[in-house]
1. Can you find, within region 120-144, the residue that is surrounded by the most Cβ atoms within 10 Å (Cβ to Cβ) among those that are at pLDDT below 95 and not in a helix (DSSP H, G or I)?
2. Looking at (1) at pLDDT below 70; (2) part of a helix (DSSP H, G or I); (3) under 30 Å from residue 121 (Cα atoms), can you tell me which one residue 176 breaks?
3. Could you figure out which of (1) more than 27 Å from residue 75 (Cα to Cα); (2) in a helix (DSSP H, G or I); (3) in contact (Cβ under 8 Å) with a residue 40 or more places away in the chain; (4) over 17 Å from the mean Cα position of the chain (by Cα) isn't true of residue 235?
4. Considering each residue of region 98-115, count those that are modelled with pLDDT of 95 or more and either more than 16 Å from residue 74 (Cα to Cα) or outside any strand (DSSP E or B) (or both), and give that number.
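The values are calculated or read from the model by the stated rules, or taken from the named source; none is laboratory data. The model shown is predicted, which means the values in this text are computed figures rather than measured ones. Using ideal geometry, Cβ is built from the backbone for each residue, glycine included, and neighbour counts are taken over all protein chains shown.
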């Protein structure tokens, strides 16, 4: 169900991109935005992991530095049927984690120092299994593509602002100008909402996949409850653009409305896990 929903949302994003390009920039605008999207996709595909790790201050740890953590990641990766990802640590007392990488063969898992202190072993396994679920389901690549498409749609709005919609008055008249203005306002908002919906859907899927990998849905549910409470009390100082990568929202609770939230409601995530 979540995979089908993601496909439909990505199709909606593509359709919105084409409609917005045609309305705001004509054929020229759509072509320029498409070329931009392809270029950004290529860059994101090859460099998203490096950028994400650097942006969040993650440092790679060796097996000598974190033997237990490496052993846990290796064991869970074997259960998931994927190569063992690289292991990183973020020096932050707030418990949280994220995964990145363009595919299972080029992936990394990062955990905060606070995560390893706040959870017991079964809960920590649940969190790591969730992140391996993202890797197995290729959510990082899907999220990157969605983000690039949303950015390209925003670029179209700027293109329309500078070039007046790409059509002359004879071609479109005043009606075209009204359409352009509406698309400049509504298209980026719609793209962002679709991007957030994709992110929320993939979180549910990663929860389910992670529960299957670790074999203890209740342990992951318990970990999520702890992480949500501690992140609400002690938010992390991270770039808002990277907030959607983490297993729970690292930013101050209530700073954004539920409509624009990158994570599903925690109560619903826990309910679904316990129902497993």
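1. 137
2. With respect to (1) at pLDDT below 70; (2) part of a helix (DSSP H, G or I); (3) under 30 Å from residue 121 (Cα atoms), residue 176 is out only on (3).
3. Among (1) more than 27 Å from residue 75 (Cα to Cα); (2) in a helix (DSSP H, G or I); (3) in contact (Cβ under 8 Å) with a residue 40 or more places away in the chain; (4) over 17 Å from the mean Cα position of the chain (by Cα), residue 235 violates only (2).
4. Qualifying residue count for the region: 4.
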